[in-house]
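Report on the following structure.
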Amino acid sequence: MLDKLPAWARHLSLLVLGAVLTWAGTDLVPRLQDQPGLAALAAVIVTMLIAVLTPLTNQYGAFKE
């Protein structure tokens, strides 16, 4: 399914995922509401994990030996 998307759409989905996770961290997680920098950092880490664990970046041959 993801192979049929153009590269720009796959890249955009990663960026949108990071933005949504940052918003969710600052608005929905009470402990992170007063610490937007920490929420943004957590969003980056979670986005990286999702990218590694899903076929979103594996189709480029990333993380394969």
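The values are calculated or read from the model by the stated rules, or taken from the named source; none is laboratory data. As the structure is a computational prediction, the values presented were derived from the model and not from experiment. When we count neighbours, we look across all protein chains shown, and the Cβ atoms used for this are built from the backbone with ideal geometry, even at glycine.
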Filter the stretch 31-41 for residues that are modelled with pLDDT under 80 and assigned to a helix (DSSP H, G or I); the one that is surrounded by the fewest Cβ atoms within 10 Å (Cβ to Cβ) is Arg31
Counting just the residues of the stretch 1-10 that are in a helix (DSSP H, G or I) and modelled with pLDDT of 80 or more, which one comes out surrounded by the most Cβ atoms within 10 Å (Cβ to Cβ)? Ala9
